[in-house]
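Readers should treat all values here as calculations from the given coordinates under stated rules, not as data from a laboratory. The structure presented is a predicted model; accordingly, all values stated were derived computationally and were not measured. Don't worry about glycine lacking a Cβ; one is built from the backbone with ideal geometry, like all the others, and counts go over all protein chains shown.
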Amino acid sequence: MEELIRFLAQSLVEEPDRVRVYTKDTRRETIIKLRVAQRDVGRVVGRGGRVANAMRAVLEVTARNHRKPVVLEID
């Protein structure tokens, strides 16, 4: 899942080498944190959060067989 988010983010931004993806497992959920360059945040979030919500939807589909819910956080 981490690789999927990294691929999607690198496809959207102008500085793909500054894309960082971290995974944190908690007792209740798995958190995937996405960090991009400051000037690329708007590209990843999109108007009204449309791009971010689309990334979350793709992540939700891929995480269906995962035991815990998966959450995407954009820093």
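Kindly express, to the nearest 10 degrees and within the range 0 to 90, the angle between helix 50-62's C-alpha long axis and the longest C-alpha principal axis of the chain.
On a 0 to 90 degree scale, this one is about 30.
So which GluC sites (Glu not before Pro) in the stretch 1-43 are both in a DSSP loop and have at most 16 other Cβ atoms within 10 Å of their Cβ?
Details: sites: 2, 3, 14, 29; in loops: 14, 29.
Here the sparse-neighbourhood loop sites are 14, 29.
Convex hull over the alpha-carbon atoms of the stretch 31-75: what's its volume per residue in Å³?
Working: hull volume 2.7 nm³, N = 45.
It is 60 Å³ per residue.
I want to make sure I understand the PRE zone here: with the label point 7 angstrom from the Cα of residue 53 toward its beta carbon, which residues in the stretch 14-46 have backbone N atoms less than 14 Å away?
Hits in the stretch 14-46 for residue 53 at 14 Å: 45-46.
What is the ratio of the Cα radius of gyration of the chain to 2.2 N^0.38 Å, where N is its residue count, to two decimals?
Values: Rg = 11.9 Å, N = 75, 2.2 N^0.38 = 11.3 Å.
The reported ratio for this selection is 1.05.
If you line up the long axis of helix 2-12 against the longest principal axis of the chain, both from Cα atoms, how many degrees apart are they, to the nearest 10?
With both axes taken from Cα atoms, the answer is about 20 degrees.
Which one, 59, 12, 34, has the greatest fluctuation when you compute a Gaussian network model over the chain with C-alpha springs under 10 angstrom?
Fluctuation is largest for 12.
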